[in-house]
Amino acid sequence: MGERLQIATAGMHCISAWIARPKGMPKGGVVVAQEIFGVNAHVRNLVERLAEAGHVAIAPAFFDHLEQGVELDYDEAGIARGRALAGELGLERAVADVMAAAEAIASAGRIGVVGFCWGGTVALLAALRHGLPAVSFYGARNVAWLGEATDVPLQFHFGERDASIPPEAVQRHREALPHAEVHTYPAGHGFNCDQRADHDPVSATLAWQRTLEFLNRHLAGKV
């Protein structure tokens, strides 16, 4: 269902993206913000699942600015390399890529963003900076930005056993963004990814259901 294409970003630098389209009229468009592991098989699968649910979905390859075709393993070496690439690229540049991807699928209608891990914070920033309805999965870097007020629709998903996001950090989301949906699960970091040791199928299924309901409400206008 999916395919790779090139999109122009700020400064007219082109990066690749994985896109999938639904059968029939789309409910809206969704930009998927990758983890630190690149637009790998897991991220491509998420794009295709969103298309199956009725959305035009696209995942821009943020790291193409630095190195083409990055797909890292979920191991210590992959984590170290992914963190280095994310640090070199920076969040603001990734947010700009989200907006370039949103423009590329603008004909789909209303656009939202769903992000995971590092991309969870990218999704939050796309909401804060550009008003995109956003779903943020286990964004460990979110807390630094919670002082920025917004009434944009937001939904957060956290694992209760995630050592990188302690309970007090989750509570800060509730206090800073009282209109947002904040969900927790009996799981660790990365619980939505079936390629990670922390994958929790029950939690992942529930979180995905809530994500699709959120997108239906705020992009398609229905549950």
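Of the strands (runs of 3 or more DSSP E) contained entirely in the stretch 1-98, those carrying at least 1 residues that are open to solvent by 30 Å² or more (accessible area, probe 1.4 Å) and not hydrophobic (A, V, I, L, M, F, W, C) fall at 3-8. Restricting the search to the stretch 170-192, which residues are surrounded by 16 or more Cβ atoms within 10 Å (Cβ to Cβ) and free of Cβ contacts under 8 Å to residues at least 24 places away in the same chain? Scanning the stretch 170-192 gives a single hit, Val170.
State which residue is least open to solvent (accessible area, probe 1.4 Å) when the search covers only the stretch 117-169 and only residues that are of a type in the set (Asp, Glu) and closer than 20 Å to Pro201 by Cα. Reasoning before the result, please.
Narrowing the stretch 117-169 to residues of a type in the set (Asp, Glu): 148, 151, 160, 162, 168.
Pick out the ones that are also closer than 20 Å to Pro201 by Cα and you get 160, 162.
Numbers: Glu160: 108, Asp162: 9 Å².
Filtering first and then ranking leaves Asp162.
The values are calculated or read from the model by the stated rules, or taken from the named source; none is laboratory data. All of these numbers come straight from a predicted model, not from anything done at the bench. Ideal geometry is used to build each Cβ from the backbone, glycine not excepted, and the neighbour counts take in all protein chains shown. Accessible surface areas use protein heavy atoms only, side chains included; no ligands, DNA or RNA. Shrake-Rupley method; radii C 1.70, N 1.55, O 1.52, S 1.80 Å.
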